[in-house]
Each structure stands twice: as C-alpha cells, then as structure tokens.
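Report on the following structure.
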Amino acid sequence: MLRSFVRARALWVVLAAFALTSAQAQVTITYWQYDFKSKIEAIDELIKRFEAANPGIKVVHQTFPYDAYQQKVGSSIPAGQGPDVVNLFYGWLPTWVKAGYLVPLPENLVNPKQVDNDFVSMAQSAKIDGKYYGLPTAVRSLALFYNKDLFQQAGIGKPPKTWAEFIEVGKKLTVKQGDRYTQIGYGISPDGQDHHLVREVLLRQMGGRPYSDDGRKVLFGGPEGLKAFTMYTDWVKKHGIGIPNFFPGNNGYRDGFIAGRIGMIIDGSFAIGTIRSGAKFNWGVAELPVEKVGGRKANFGSFWLHSITPLAKGPKLEASVKFLNFITSAEAQRYWLEKVGELPARKGLIKDPKLSLDPVYGPFILSLSYAKATPFVDEAAQRTVIVNAINRVLLQNVDPAQSWKMAMEEEQKILDSFYK
Amino acid sequence: MKRSRLSLATREALWAYVFLLLPLAFFLFIRIWPAFQALWLSLYDWNADPSKRVFVGLEHYAQMAQDPLVARSLRNTLLYTLIGVPAQLVLGLGIALLLNAVTRERLRDLFRAIYFAPYVTPAVAVAWVFSWMLSANFGVVNELLRAAGLPAQDFLRNPSLALPTVAGVVVWQNLGFQVVLFLAGLQNIPRDYYEAARIDGADGRQLFRHITLPLLNPVMVFSAVIGTIGFLQLFTQVVNLSFTDQGGPLHSTLTVALYIYQVAFGRFDLGYAAAITVLLFVIILSITLIQLRLLSRRVEY
C-alpha cells in the first residue's frame with residue numbers, strides 16, 4: 001500500500017517535471033528569409049544566442065531562393081503553413097499589409113515612440129496609420145564606387161563632387177572603338193539602382209520632391225523633375241559616358257565594374273561585399289555628387305525588415321515579437337555589421353566615429369542622415385514606371401518631356417488604384 | 001469451389017480502372033480542382049484570411065478589359081506562338097529528315113544527343129550564355145554581323161527585336177525535343193511504302209509529300225498542340241533573359257503567364273491574377289480544340 005503510494009508520488013513528480021520542461025520548450029516559431037549565404041549564417045548564429053537566452057522558445061529558420069520568395073510567402077500564409085516572423089523589402093509592405101499578410105507590432109511589446117527615437121528616420125516607412133509593421137536590422141544607402149586605378153591612368157586625382165565633374169570624369173574614362181565601347185565611364189543601369197537615383201536623388205537635388213506628404217499625389221512631373229530626368233538621360237544621349245547593358249545580365253553594371261571595364265557605378269551598401277571579394281584593383285567609395293558645391297544632398301535609403309504574420313497567435317505572437325526585438329537589438333545589429341557588412345539601423349550605432357570615418361562604410365553612413373526611402377505602394381510597378389520612362393528616351397528616342405509626363409500619369413494611376 | 005461470375009475481360013477492365021483511379025485522383029485534386037478554385041477566386045478581392053475576401057463579382061474581368069498590359073501581353077503571347085510554333089516544326093522536321101538520312105546508327109544517336117542537349121539545359125544557363133552571345137559590345141553574333149558589313153544590334157534591348165530574339169532562343173531550346181519526336185515518327189513509317197512507291201516511279205519530292213508528310217501527321221498534330229501550349233504559357237526564358245526588367249524593355253517581351261505572376265506575387269493581387277488565369281485557360285483550351293479539329297486527319301494505307 002505504502003509502496004504503491006510512493007510509486008504514485010514518484011510518477012506524479014516525473015510527470016510534473018516532464019510537463020514543466022515541455023511547457024518551457026513549447027513555443028516553436030518559424031522565421032523566413034531568402035537565400036543569401038552571409039545572412040543565413042548570421043541569423044543561424046542569432047537564433048543560437050536567442051534560444052540560449054530564452055529556453056522556452058525554439059526558432060525554426062527556413063530560406064528560399066530570391067526568385068521564389070514572394071511566391072512562397074504568397075501561397076503559404078493563406079494555407080496556414082508559413083512563417084511567424086518574415087523578412088521582406090520595405091517596398092513590399094503596403095501590398096502585403098493590404099492583402100492581410102502582416103499584423104502590426106503590438107504596442108505593449110514594441111513602443112512606437114521608442115522606435116521613432118532609436119532607429120534612423122527611414123525606418124518610419126514601416127509605419128502605416130501610426131502603427132509599426134516591422135523593424136529592420138540593417139539599412140542601406142547609395143554611394144559612388146570608383147576604380148582608383150582607372151582614375152590614376154586617366155590623370156584624375158579625386159572622385160567627382162558635382163555632376164558636371166562626374167560627366168567630365170566619365171568622358172575621360174570612356175573608350176570607344178568604332179561603334180563599340182570597350183570601357184565606359186559610368187555603369188548606367190536604369191533597372192539597377194538608377195531608377196532610385198532619378199526619383200530620390202537627382203529630383204531632390206534639383207529642389208523637387210517625388211510625392212505629396214500623404215504619398216497620394218505624384219509631384220515629380222514639375223520642372224525640377226524634368227531637369228533631373230533630362231540630366232540623367234543626357235549622360236547617354238549627349239555625353240555618351242555610358243550605355244545600358246554594357247555587360248549583359250542581372251547586375252551587369254556591377255559585373256562590369258568588378259571586371260575593371262567601368263570607371264564608376266552608383267550602387268547600394270549591400271554591394272560592398274560582392275565588390276570587395278571580386279574587384280582585383282584599387283577602388284574607393286564617395287558620397288554621391290551634388291548639383292553644385294554646397295548644394296542640397298539627397299540619397300535613397302532602403303531596408304529589409306522583419307515583420308509578424310497572422311500565423312503568430314497567442315504565445316507564438318509573444319515569442320515572435322521577442323525574437324524580432326532580439327534580432328533588431330543593438331547587439332544583433334553590431335554583429336550583423338561585422339558578419340554581413342550591412343549598416344546598422346539604430347541611430348546610436350551609426351554615430352560611432354570608427355564607422356563614419358571608415359573609407360568604405362563612411363560615405364554610406366554619412367548619407368544615411370539625409371537618405372529618404374520612397375513610400376512605395378507597389379514597388380515593382382513603380383520601378384517599372386521610371387525604368388520605362390528612361391528606356392523610352394534611350395531606346396525609342398522619345399522626347400524626355402513627353403516620356404516624363406507619361407511616367408507621372410502612369411504612376412498617379414498606380415497610386416490612385418492603391419488608395420481607391 | 002466458386003468461380004467468379006465476371007468474365008476475364010470484365011475483370012481485366014476492372015483492374016485497369018483500379019489502376020487508373022490513382023492518376024485520376026491526382027488529376028482531379030491537384031489539377032482540375034485548383035483550376036475551378038481559380039475561377040472562384042477570380043470573383044473575390046484577395047486576402048490571406050479567407051473570411052476577409054470580398055466578393056466583387058465580375059469586376060476583375062471588367063478591369064482586365066481596361067488593362068493595357070493585359071492587351072499587350074496577349075498580343076506578345078500570340079506573336080511568340082505565331083513565330084515559335086511554325087519555326088520549331090519546320091526546323092525540327094528538317095533536322096529530323098537530315099538525321100534520318102544518316103545511315104550509321106551510332107552517328108545518328110550522337111547527333112540526336114547533341115540536338116537534345118539544349119532541351120535539358122537549365123533556362124538560367126541558356127539565358128546567361130545567350131545574353132553574352134547577343135551582347136552589342138562583346139557578343140559573337142554582332143562580331144559576325146560586323147564581319148558581314150552589317151550594323152551591330154542590341155538584340156535583347158531593342159524593343160522591336162527583343163520578342164523575336166527571345167522566341168528564337170526558345171525555339172533553339174525546344175528544337176531537340178521536336179527532332180526526337182519527328183525522328184521517332186520517321187522511323188515508324190514502314191520502308192515498304194517507300195520501296196513500293198519507288199518501283200512505281202515516284203521521285204523524292206513525291207515520296208515526301210504523299211508518304212512522309214501524311215504518315216507523320218499524328219506527330220505533327222502532337223507537336224503543334226504541345227508547342228502551342230508551351231508558347232502560350234511562356235515564362236521562364238522571358239524572365240531570365242531580362243531579369244531586372246522582367247518582360248522588358250518597355251513590356252516588349254511580356255507574356256500573359258509572366259504578367260499573371262507579377263500581379264499575383266509582386267502585387268499580392270491574387271484575385272485579379274486568377275481572373276487573367278481563367279482568360280489564359282479559355283484561350284489555350286479553345287486554340288487546342290480548334291487545332292485538334294483542323295489538323296487531325298486519319299491516314300490509312
């Protein structure tokens with residue numbers, strides 16, 4: 001009798017202990033991002049640290065090829081099978097939110113005021129109707145990459161400070177044999193980063209702005225816009241400092257730069273790693289040129305953010321936000337910079353003089369203070385509008401004024417149909 | 001012992017049905033059911049949460065009629081098909097006839113393998129190689145044009161050349177499959193027919209017109225139908241030949257399938273995408289039925 005009582009007690013203790021441990025290890029959340037080696041390794045490491053600090057939560061990390069990523073998210077979440085925490089480009093946010101793929105971050109766990117204070121200002125593009133839908137670990141800006149060896153051979157001492165200098169340098173670095181270019185000054189690429197350059201950099205430098213404050217009206221159709229647009233298309237049409245598709249393929253402009261055949265490119269900080277490991281010559285980075293010395297500076301900022309999907313409910317939601325807070329913490333951002341080479345999204349970290357004085361990161365860091373993220377509603381379609389505006393001029397000899405006007409109308413239609 | 005009351009033939013037929021049940025279930029649930037779901041989906045505004053999908057009736061179909069990119073992609077798709085299908089049939093048949101004339105079997109197998117290789121090469125690799133070969137500055141194709149005294153062309157960037165160029169790449173890639181089909185068809189034609197005709201004094205052209213072509217008809221029909229469906233669904237090569245400006249330059253290479261993809265997964269507007277899918281389905285179905293009607297002829301000797 002006693003023995004069976006003891007045995008029953010022992011059984012209860014074992015059961016209770018088992019229940020306790022399983023309750024602790026009960027929450028499993030899933031994180032999704034696209035395939036990119038250094039990012040996968042970084043997240044794996046961050047998950048390890050997070051799980052060590054939060055024994056009750058297990059994070060499953062899944063990745064997909066970039067081309068299939070949106071498709072995977074698009075079909076999985078409605079089926080209830082997808083991620084709890086998902087990584088996305090900020091430009092996709094409005095369509096994802098509208099289609100019900102994301103939920104706002106609970107304000108008791110992520111304080112919007114705190115985020116406004118702690119993160120660089122462009123992070124506010126992740127806010128819709130005053131609610132944050134996600135946070136970035138890292139942010140990116142644009143800068144001018146230049147081939148120091150080609151500059152030296154052409155007797156050019158410094159990277160250009162103004163667009164006029166940029167054109168002069170570009171001409172010196174362009175080599176043509178017959179109807180063929182063997183080297184170009186500027187790796188022009190309308191569908192690379194140049195559509196951002198026109199919309200966010202050149203336009204603002206000329207004193208214009210792309211959209212109304214509520215983001216519903218296209219304003220780039222004015223004289224500043226046309227001036228910016230014409231200046232850009234003239235690089236090909238008038239000055240011949242480059243041609244699109246000089247090197248074919250996805251990111252051909254970057255490949256051509258790495259191959260030493262292109263003097264200058266404008267690219268994002270995300271390209272640093274590829275250029276560093278590929279380029280076999282001396283290269284440098286400079287802040288983007290301006291209209292005139294002392295003139296207005298402008299830059300395009302962008303980021304990937306981590307958001308929460310409707311699949312994260314109850315304890316999973318809490319665990320997901322905890323994880324999101326961890327991978328966007330100062331500690332994680334510092335690690336991310338070392339491991340992936342992307343700029344931290346917290347203001348406190350980019351003030352570090354070691355970073356702003358760095359010859360490669362410095363120009364990007366300096367640009368962050370004035371960089372703006374375009375408030376896209378349909379990133380792919382809006383990108384195509386500018387790319388097509390440029391291509392109409394470069395490939396079909398359409399008058400820039402006419403092409404630019406068409407672009408404005410096309411883009412207004414996109415905004416109208418989103419906000420209808 | 002009790003004997004089964006079913007005859008052997010009935011039992012065999014029953015077994016056949018049992019074995020057919022599995023693929024039938026597969027087609028019903030994996031192919032046909034989703035197709036009907038697309039029809040249903042096209043009547044709603046999409047939301048990840050099914051309870052938040054709003055019924056909009058035929059609104060997406062009305063939107064389609066107003067959408068210039070639907071019109072553009074339909075026109076492009078039609079052009080791809082009109083260029084691609086005849087080209088791959090004629091070239092495929094031509095090469096198959098040449099290969100059929102090669103009497104050493106080893107050599108013929110080798111050629112056949114060479115022609116088939118592009119068909120099994122990943123589209124990404126094909127796109128990469130072709131974009132270099134066709135490059136205005138570095139490409140071998142333009143090297144040849146210049147040698148012939150012709151002006152260089154930026155094949156993939158010129159809005160009026162891009163579509164035929166992409167169609168050409170697709171034809172090149174499909175050619176091997178066509179050749180293998182035609183070669184099998186040619187080898188199935190009994191030699192006796194040719195010999196008999198030759199004894200009656202028929203010349204080469206007559207042999208081709210009255211024996212080869214009619215007896216190849218089933219293969220032709222199959223190739224034409226499969227080829228047409230393939231071109232109407234064209235997607236992979238278009239995406240890869242202009243990756244950062246998909247369907248470009250200036251929408252000149254955009255296909256219906258690619259546009260559906262962009263609307264569905266670039267914009268998460270799956271309701272509208274489903275409506276365009278229904279349109280594509282109706283087009284493919286009607287063209288295929290018409291083709292089967294017009295092309296199929298029973299030939300018996």
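Before moving on, here are some points about what is shown:
- Computed from the Kirkwood radius of its Cα pairs, the Stokes-Einstein diffusion coefficient for the range B:28-113 at 4 °C and 1.567 mPa s stands at 73 µm²/s.
- Once backbone amide H atoms are built at 1.01 Å from N, A:LEU142 has A:PHE300 as its partners under 5 Å, excluding neighbours fewer than 5 places away on the same chain.
- Bridging of A:LYS313 to lysines at a Cα separation below 17 Å is possible for A:LYS58, A:LYS322, once same-chain residues fewer than 8 apart are set aside.
- About its Cα centre, the range B:68-295 has a charge dipole of approximately 100 debye under the convention of +1 per Lys or Arg Cβ and -1 per Asp or Glu Cβ, with nothing else charged.
- Using the Cβ-Cβ distance between A:GLU318 and B:LEU294 with R0 = 45 Å, the FRET efficiency computed as 1/(1 + (r/R0)^6) comes to roughly 0.10.
- Calculated translational diffusion coefficient of chain A (4 °C, 1.567 mPa s; Stokes-Einstein with Kirkwood radius over alpha-carbon pairs) equals 55 µm²/s.
- Most mobile of B:THR103, B:THR236, B:THR253 in a GNM of chain B (Cα contacts under 10 Å): B:THR103
- One Cα centroid belongs to the range A:99-156, the other to the range B:93-128; the line between them spans 52 Å.
- Förster radius 30 Å - calculated FRET efficiency between B:ALA16 and B:LEU213 (Cβ-Cβ, nearest 0.05): 0.30
- Theoretical FRET efficiency, 1/(1+(r/R0)^6), r = Cβ-Cβ of A:LYS113 and A:ASP214, R0 35 Å, to 0.05: 0.95
- Helical segments meeting 18 Å axial Cα length and Kyte-Doolittle 0.0 threshold in chain B (DSSP H): B:8-26, B:68-101, B:162-188, B:213-232, B:270-295
- A cut-off of 5 Å between modelled amide H atoms, ignoring neighbours fewer than 5 places along the same chain, links A:GLY134 with A:LEU105.
- Using the Karplus relation 6.51 cos²θ - 1.76 cosθ + 1.60 with θ = phi - 60°, the per-residue 3J(HN,Hα) values for the range A:294-311 come to x, x, 5, 9, 8, 7, 9, x, 8, 6, 9, 10, 9, 10, 10, 9, x, 6 Hz, with x marking Gly and Pro.
- Averaged over peptide B:133-142, the number of partner chain Cβ atoms lying within 10 Å of each residue's Cβ comes to 4.
- Calculated log₁₀ intensity ratio I(q)/I(0) where the Debye formula runs over C-alpha points of the range A:257-341, q = 0.12, 0.21 Å⁻¹: -0.63, -1.08
- Whole-Hz ³J(HN,Hα) from phi, Karplus 6.51 cos²θ - 1.76 cosθ + 1.60, for the range A:103-116, glycine and proline x: 10, x, 6, x, 5, 6, 9, 10, 7, x, 4, 4, 5, 3
- Rg(Cα) / (2.2 N^0.38 Å) computed for the protein assembly as shown, rounded to two decimals: 1.15
- With a simple spin-label model that places each label point 7 Å from the Cα along the Cα-to-Cβ direction, the separation between B:ARG146 and B:VAL124 comes to 3.2 nm.
- Percentage of interatomic Cα-Cα distances in the range B:68-295 larger than 27 Å: 45
- Using θ = phi - 60° in the Karplus curve 6.51 cos²θ - 1.76 cosθ + 1.60, the 3J(HN,Hα) couplings for the range A:315-320 round to x, 5, 5, 4, 5, 5 Hz; x is entered for Gly and Pro.
- A cut-off of 5 Å between modelled amide H atoms, ignoring neighbours fewer than 5 places along the same chain, links A:TYR211 with A:LEU219.
- Fully extending the segment from B:TRP132 to B:ILE284 would add 51.4 nm, taking 0.36 nm per residue of separation and subtracting the current Cα-Cα distance.
- Rough spin-label spacing in nm, given labels placed 7 Å along Cα→Cβ, for A:ALA259 and A:SER356: 3.9
- Reach of A:LYS351 by Cα under 18 Å, taken over aspartates and glutamates that are not fewer than 8 positions away in the same chain: A:ASP116, A:ASP118, A:GLU287, A:GLU331, A:GLU338, A:GLU342
- Simple spin-label estimate for A:GLN402 and A:SER75 gives 4.3 nm between the two label positions (7 Å along the Cα-to-Cβ direction from each Cα).
- Pairwise centroid distance, computed over Cα atoms, of the range A:61-93 with the range B:182-248, Å: 43
Just so you know, all these numbers are worked out from the coordinates, no wet-lab data involved. All values reported here derive from a predicted model rather than from experimental measurement. Positions of Cβ are backbone-derived with ideal geometry, glycine not excepted, and every protein chain shown enters the neighbour counts.
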